[in-house]
Amino acid sequence: MIANRLAASRLGWIAVRLVALLAAPAGALRAQGEAADDGWNFDDFEEVDPTLFELFGDQSLDIGVFAAFATLAMVSFLRKSIPLKYVTLVVCVLYMGFYKSQLLSVVNIFSTLTGNLPIFSYSMAWYAFAGFTVVTLVLWGRVYCGRICAFGALTQLIDAVVPSRWQIEIPEKLEHRAGYIKYGILFAAVGYYLVTREIQFYRYIEPFWMFTLDASILLWVMLGALLVVSVFVRNFYCRFLCPLGAALGLVSTLTVFRIKRWSECSQCALCEKTCEWGAIRERKIIMTECVRCDECEILYADQKACPHWLLEAKRKARLKALGSSAEG
Ligand code: SF4
Ligand code: SF4
């Protein structure tokens, strides 16, 4: 009886071992082969590296939630829906900001320049996020700034709740000149990094650490001052100081799908006043500054506000009147 039980348990063990061998990757089989020379000893199993598929399984929830957020952002962008845009901004601050603390940073520019990117198999959700940013950047421009960056989303929400009479309009010339500061910060930061290979200074030029709530008193004071200025000057950090925004702006000069303009746009300055990012100058859209916020495009589509449609309606009425007088 006991002999039968022993035989049965040995057969069961052999079956388990065969299944494990068939399912294991080649590298793991080699490692196990060396260790198995001394017989049937469970203790000789070495740790097996997880397959790419298993790693994807572990990260699938993270990737899925980001895909859902990216879908929301794209639906709001493509439909030009203002309510959906604000839902996206709130979700962005809560999910991308406080929950995940996942923002692109000037540090990612350093690591791209030196080829020191995260290992793909352990960072699939990060690659989905970075890939989404690059693809939307090439296709439409700085969609990342307009909807995916948690700090940009936070300042856009501040703008939405602050009474417009509090906001200070910066003189145009000063605004244009101040727009170059961010490029100066970008090139100085990249140059400093390439010479010293030191990255800790990034916290003094980017406030993105705020979502981790982990910083020195000096950084909190700097952040407080920045947020106070942002109450009075719209999107202050994004427009004048952000080195990452500057880098994305430089790439967005290659954007495929630009914002359409009417022939009347060369005469009218209504959208120039609508743009809160100072991205329309002398009737032209400056791609480096534009964050695809939708404001001007919503205006172009408004048949009661955009002069293109008002002139079109007048033209049609005139033609109709001419037609009826000719018939009469
Ligand atoms: S300019 Fe900088 S802070 Fe502003 S939205 Fe873009 S990346 Fe974010
Ligand atoms: S309003 Fe300005 S920032 Fe917004 S999409 Fe138009 S040009 Fe770009």
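Does the range 255-279 hold any residues that are touching a residue at least 24 places away in the same chain (Cβ under 8 Å) and within 14 Å of ASP294 (Cα to Cα), and which are they? Once the filter is applied, which keeps residues that are touching a residue at least 24 places away in the same chain (Cβ under 8 Å) and within 14 Å of ASP294 (Cα to Cα), the range 255-279 yields PHE257, ARG258, ILE259, LYS260, ARG261, CYS271, THR274, GLU276, TRP277, GLY278. Test of understanding: among TYR122, TYR95, which residue is of a type in the set (Phe, Trp, Tyr) and modelled with pLDDT of 95 or more? One residue alone meets the criteria, TYR95. Name the residue, out of GLY64, GLY115, GLY131, that is surrounded by fewer than 17 Cβ atoms within 10 Å (Cβ to Cβ), at pLDDT below 95 and either not in a helix (DSSP H, G or I) or not hydroxyl-bearing (Ser, Thr, Tyr) (or both). When all the criteria are applied, what remains is GLY115.
All of LYS316, LYS284, LYS304 fail the test of being basic (Lys, Arg) and under 23 Å from GLY146 (Cα atoms), apart from LYS284.
Within the option set GLU289, GLU272, being in a helix (DSSP H, G or I), on the phi < 0 side of the Ramachandran plot, within 33 Å of the chain's Cα centre (by Cα) and within 11 Å of ligand 2 (Cβ to nearest atom) holds for one residue only, GLU272. The residues of the range 239-266 that are within 12 Å of ligand 1 (Cβ to nearest atom) and among the small types (Gly, Ala, Ser), listed by number, are GLY245, ALA246, ALA247, GLY249, SER252.
Consider the range 94-112 and keep the residues that are part of a helix (DSSP H, G or I) and under 12 Å from the mean Cα position of the chain (by Cα). The one that is surrounded by the most Cβ atoms within 10 Å (Cβ to Cβ) is MET96.
The values are calculated or read from the model by the stated rules, or taken from the named source; none is laboratory data. Given the structure is predicted, the values throughout are model-derived calculations rather than measurements. A quick note on method: Cβ atoms are made from the backbone with ideal geometry, for glycine too, and the neighbour counts reach across all protein chains shown.
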